[in-house]
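What follows is a single structure, written as structure tokens, with notes after it.
The values are calculated or read from the model by the stated rules, or taken from the named source; none is laboratory data. Just so you know, these numbers come straight off a predicted model, no measurement behind them. So basically every Cβ, Gly included, is an ideal-geometry build from the backbone, and we count neighbours across all protein chains shown. Please note that ligands, DNA and RNA were not included when accessible areas were found on the heavy atoms of the full protein model with its side chains. Shrake-Rupley method; radii C 1.70, N 1.55, O 1.52, S 1.80 Å.
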Amino acid sequence: MINFKAEVVQILSSKMEELTIDEIMEMIEMPPDRQMGDYAFPCFKLAKLFRKAPNMIAKDIVDAIGENTLFSKVENKAAYVNFFVDSAAFAKAVMEEVLEQKDAYGSSTIGEGKKVIVEYSSPNIAKPFHIGHIRSTVIGNSIKKIYDFLGYDTVSINHLGDYGTQFGKLIVAFKRWGDEKEVEANPIPTLLKLYVKLHEEAEKEPQLEDEARMWFKKLEDQDPEALRLWKWFRDVSLKEFSRVYGMLNIEFDSYAGESFYSDKMPTVIESMQEKNLLKESKGADIVDLEAYNMPPALIRKSDGSTLYITRDIAAAIYRKEHYDFYKNIYVVASQQNLHFQQWFKVIELMGHDWAKDCIHIPFGLVSLEEGIMSTRKGRVVFLEDVLKKAVNTTREIMDQKNANLENIEEVAKQVGIGAVIFQELSNSRIKDYTFSWDRTLNFDGETGPYVQYTHARACSLLRKADVEVDKNIAYKLLDETALKVLKVIEQFGNVVKEAAKKNEPSIVTRYIVDVAQAFNRFYNESPIIVEDKELQKARLAVVCVAKQTIKNGLGLLGMTAPEKM
Ligand code: ARG
């Protein structure tokens, strides 16, 4: 796309050989008030260099520039040279870019050759995949897509919680009270029930805890029975999780969870020993982090078993060796801030300078609106149920709005699940938020259904007009409302980069709402199907580029853009 600022620099540079391109670039301002132009060049600092009054310098520059096709006006006001971008040139620049790039509009190659690992979702095996897991899952998926779009070579990892003493407990509970058929039929609730029962019974019968520890030790030592049961728990759980991932349209490149590192821990511990990092404390091995104002990192328990943190350290080292990442990103709740600070520090103390490339992307809590979904003690809200309810409710709304829609089933899924994703990604990730059905499924608010509906409306206009939109357009016919839409559309590339820089999908979400709102204003103010065929085509082209930008933006959130709603 034409970079108008760079053009301004070029023009100025050709008139002032005394200044470098960079110096000119630095000096250019974007006036807050459009009356002063789109770009302004102040001449105050040049008085010394040219031995002239700043006003005079500005006037001389303007006289020297004369006419230019990209700028409708270059004028001198006091000590400023003000540049006014020509509307038709601007519209042409933006629209040609979108029409050429289509699904790639807004993308970039800045990430080429750089590997970025994005770890997200990472639920615990044999535990419910509940509404709380939606955050890591959806935020992580969007961050991955944003990096993809910028040309990075991404790897998505689901660091499943599939290891640890709780599996000893599960094995004991299953051996005592479990029923294979029941687990097969209804895996997660049954396993959860067994787990809870073990805790209750252990109050009366403490040796159950010892038994559980023993079984986890057996698992670590590759005992066949322990291994078989553990693998089975893992398989049935994963099957459940996969259903939810399928509904959300999310895939992972790797499911290397905690267990994957079970045989990689001894070398890691050895390397800590070599560096003299480990201290003994009550029979356990710790890394003292007092000098960094943190509690010690417990690396190995007195019975020799390893911990969550040990596995995270082993995983990071493995990832560096295996992927040689540029960045290694963890999308994990802010409750685990300390955990990540601790082990990032341990990695650094081990002498790994890439510790700085490990990044924790925290997020706040999601809570549920009371009354609508009760969180009564013990009753967890399964994410799958939330998604199903979103689809069903959407289906009911659509039955009223447009009952004849072809494949209404499929569209209800795209809109219902999209609504949940969109709401999830609407707030800055670090904020706690309350899940609200009203807000999520509203077709008019700043919601998923609203932007998808705007997209579908644009598609319907293009279908009705049935005109081939090409780049041969009378750009000069476009008026201010159209230009306002294009101004927003032009920003897309910058928005995506900003979202990556801050690892903040909500920047994209809010931007899509801006595009939709600007488009709807244009749509209400400018009749599109008109007598003047040239004008009609120009306006249809605006519809087309707005539609494309919304679609691309939604894609970055992990949403689809149905063509009919
Ligand atoms: N399984 C953990 C949990 O549910 C989250 C894992 C986060 N990732 C990590 N590398 N520690 O709390």
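Compute the Rg/Rh shape ratio of the stretch 513-565: radius of gyration over Kirkwood radius, all on alpha-carbon atoms. Kindly include the intermediate steps, with their values, before the conclusion.
Working: Rg = 12.5 Å, Rh = 12.1 Å.
Rg/Rh for the stretch 513-565 comes to 1.03.
Can you list the residues, at least 5 places off or on another chain, whose amide H is less than 5 Å from the amide H of HIS360, using H built in the peptide plane?
Counting only residues 5 or more places away or on other chains, the set is TYR330.
Among LYS320/LYS502; LYS345/LYS431; LYS45/LYS114; LYS127/LYS413, which pairs are too far apart, with a Cα-Cα distance over 31 Å?
Numbers: LYS320/LYS502 23 Å; LYS345/LYS431 26 Å; LYS45/LYS114 41 Å; LYS127/LYS413 26 Å.
From the list (LYS320/LYS502; LYS345/LYS431; LYS45/LYS114; LYS127/LYS413), the Cα-Cα distance tops 31 Å for LYS45/LYS114.
Can you give me the long-range amide H partners of LEU365? Hydrogens built in the peptide plane at 1.01 Å from N, cutoff under 5 Å, separation of 5 or more residues or another chain.
Those lying under 5 Å, H to H, from LEU365 are ASP432, TYR433.
Just check the stretch 1-103 against the gyration tensor rule for me: Cα atoms, a ≥ b ≥ c as the square roots of the eigenvalues, rounded for a/c under 1.5, and otherwise prolate or oblate depending on whether a/b exceeds b/c.
Details: a/c = 2.37, a/b = 1.95, b/c = 1.22.
It comes out prolate by the Cα gyration axes.
How big is D, in µm² s⁻¹, for the stretch 262-327 by Stokes-Einstein at 20 °C and 1.002 mPa s if Rh is the Kirkwood radius over C-alpha pairs? Before the final figure, lay out each step's value.
Values: Rh = 12.6 Å.
Translational D for this selection: 170 µm²/s.
Beyond 30 Å, what share of the Cα-Cα pairs of the chain is found? Please give it as a whole percent.
Values: 99009 of 159330 pairs.
Tail fraction, whole percent: 62.
All other residues with a Cβ under 10 Å from the Cβ of SER506 taken together, and with Lys, Arg as +1 and Asp, Glu as -1, what is their net charge? Could the numbers behind the result be given before it?
Values: positive: ARG429, LYS431, LYS502, ARG510; negative: GLU424, GLU504.
Cβ neighbours under 10 Å give a net charge of +2.
For the pairs LYS102/LYS388; LYS356/LYS551; LYS181/LYS389; LYS92/LYS533; LYS5/LYS73; LYS217/LYS327, note any where the Cα-Cα span goes beyond 26 Å.
Values: LYS102/LYS388 32 Å; LYS356/LYS551 35 Å; LYS181/LYS389 28 Å; LYS92/LYS533 18 Å; LYS5/LYS73 15 Å; LYS217/LYS327 34 Å.
Where the Cα-Cα span goes over 26 Å, the pairs concerned are LYS102/LYS388; LYS356/LYS551; LYS181/LYS389; LYS217/LYS327.
Considering only DSSP beta bridges where both residues belong to the stretch 266-401, give the percentage that are antiparallel (nearest 5). Display every interim value, and only then the final one.
On the way: 8 of 12 bridges.
Counting DSSP beta bridges with both partners in the stretch 266-401, the antiparallel share is about 65 percent.
Would you kindly calculate the translational diffusion coefficient of the stretch 424-525, applying Stokes-Einstein with the Kirkwood radius from alpha carbon pairs, for 37 °C and a viscosity of 0.692 mPa s, and quote it in µm² s⁻¹ without decimals? The partial results should precede the final answer.
Numbers: Rh = 15.6 Å.
Diffusion coefficient, whole number: 211 µm²/s.
Antiparallel as a % of all DSSP beta bridges within the chain, to the nearest 5? All intermediate terms of the calculation are to be shown ahead of the outcome.
Working: 20 of 38 bridges.
So the antiparallel bridges amount to about 55 percent of the total.
Lys and Arg at +1, Asp and Glu at -1: add these up for the other residues within a Cβ distance under 11 Å of GLY111 and post the number.
Values: positive: LYS114, LYS115, LYS327, LYS497; negative: GLU112, ASP148, ASP153.
Taking every Cβ under 11 Å from that of GLY111, the sum is +1.
For the chain, what is the accessible area per residue in Å², given a 1.4 Å probe and the full set of protein chains?
Details: 26500 Å² over 565 residues.
Heavy-atom SASA per residue in the chain reads 47 Å².
Considering the Cα trace of the stretch 196-276, what is its radius of gyration and what is Dmax, both in angstroms?
Reported Rg and Dmax, both Å: 17.4, 48.
Ranked from the most accessible area to the least, with a 1.4 Å probe and all protein chains present, what is the order of LEU338, LEU368, LEU12? Let's see the in-between values first.
Details: LEU338 75, LEU368 25, LEU12 0 Å².
Putting LEU338, LEU368, LEU12 in descending order of accessible area: LEU338, LEU368, LEU12.
So what is the 222 nm mean residue ellipticity for the chain from helices alone, if each DSSP H run of at least 4 adds -39500 (n - 2.57) and you divide by all residues, rounding to the nearest 500 deg cm²/dmol?
Working: 22 runs with 307 residues, N = 565.
For the chain, the value works out to -17500 deg cm²/dmol.
Answer rounded, prolate or oblate for the stretch 78-128, using the Cα gyration tensor with square roots of eigenvalues a ≥ b ≥ c: rounded when a/c is under 1.5, else prolate when a/b is larger than b/c, else oblate.
On the way: a/c = 3.24, a/b = 2.52, b/c = 1.29.
In terms of gyration-tensor shape, prolate.
Once amide H atoms are built 1.01 Å from N in the peptide plane, which residues 5 or more positions from ASP38, or in another chain, come under 5 Å H to H?
Hits under the 5 Å cutoff: PHE83, PHE84, VAL85.
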